[in-house]
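The values are calculated or read from the model by the stated rules, or taken from the named source; none is laboratory data. Quantities reported herein were computed from a predicted structural model and do not represent experimental measurements. As a convention, Cβ positions derive from the backbone with ideal geometry for all residues, glycine included, and neighbour counts pool all protein chains shown. SASA here: full protein model, heavy atoms, side chains in, ligands and nucleic acids out. Shrake-Rupley method; radii C 1.70, N 1.55, O 1.52, S 1.80 Å.
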Amino acid sequence: MEGRIHSLESCGTVDGPGIRFVTFLQGCPLRCQYCHNADTWDTKGGTVYTPEALVKEIKKYKSYMKFSGGGVTFTGGEPLLQAEFLREVCTLCKKEEISTAIDTSGFIFNQTVKELLEVTDLVLLDMKNFDPEVYKTVTGVPLKPTLQFLDYLKEKGIKTWIRYVLVPGLTDNLDTIKSMAKYLKGYENVERIELLPFHKMGEFKWKELGYNYQLADTEPPSKELINRVIELLKLSGKEIE
């Protein structure tokens, strides 16, 4: 069995607790307007790894992960596109007592994904928006599969962190954010919500790939807006980062 890997980051600190070995997988069915990894979209790109070869790289940093309470995080792209491959990788990681996390949109949900979640310690769920129409505008795909995925995480009691990217003029509708916060209050498995202010660090990738970057004139959110959104997210009863 083989998987396609875009890149590896040995000492990540923002993709889960502790020091993380971050694995960026190749391929994504979403086309998020603010994506800063557009070069991961192509399912035929990246470097081919076997599960054993990838875990060999991960194991090199096992002591750092163990000391810091960290682990390995699989992101992308959309890692669940390669759920069968990841299931094998995570199984090997668990044998090495390495904690596993998956950063996902939750758009892909099938039996193989369910089997992968059995060897997953933490899910970082990217909630792109809570309004179905805005979600479709932002991502190009419907919201419903992500909500079904979230329900399954709750059913199985899988620890989950929600991630929300705040983009002025696109994902900053305060009423929608308030509704999302109240909705998440009913999910005991959700421990925290991470608010991620929009940035344009990936814009150059769009240009290099010949894609039209629609947010070229969009500025990062103001401190005032960020604070207002944080107050609304507190309605969820979760830890806010």
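Odds and ends about this structure:
- Condition met for residue 166 (touching a Pro at 6+ places or on another chain (Cβ under 7 Å) and free of Cβ contacts under 8 Å to residues at least 24 places away in the same chain): no
- Note on the range 71-90: residues that are within 17 Å of residue 57 (Cβ to Cβ) and without any contact (Cβ under 8 Å) to a residue 40 or more places away in the chain total 1.
- Scanning the range 179-199 for residues that are charged (D, E, K, R) and in contact with an Asp or Glu (Cβ under 9 Å, 6 or more places away or on another chain) gives 191, 192, 194.
- Counting residues in the range 18-41 that are closer than 20 Å to residue 157 by Cβ and either under 17 Å from the mean Cα position of the chain (by Cα) or aromatic (Phe, Trp, Tyr) (or both) gives zero.
- Residue that is farthest from residue 216 (Cα to Cα), among those in the range 112-121 that are open to solvent by 40 Å² or more (accessible area, probe 1.4 Å) and not in a helix (DSSP H, G or I): 118
- Boolean, residue 186 is of a type in the set (Gly, Ala, Ser), under 15 Å from residue 138 (Cα atoms) and over 16 Å from the mean Cα position of the chain (by Cα): no
- Highlighted here are the helices (runs of 4 or more DSSP H) found entirely within the range 133-241 that include at least 1 residues which are open to solvent by 40 Å² or more (accessible area, probe 1.4 Å) and either modelled with pLDDT under 95 or under 22 Å from residue 36 (Cβ atoms) (or both): 203-209, 223-233.
- Residues satisfying the stated conditions in the range 122-132, i.e. in contact (Cβ under 8 Å) with a residue 24 or more places away in the chain and either assigned to a strand (DSSP E or B) or surrounded by fewer than 21 Cβ atoms within 10 Å (Cβ to Cβ) (or both): 122, 123, 124, 125, 126, 131
- No other residue among 230, 193 is under 18 Å from residue 124 (Cβ atoms) and β-branched (Val, Ile, Thr) apart from 193.
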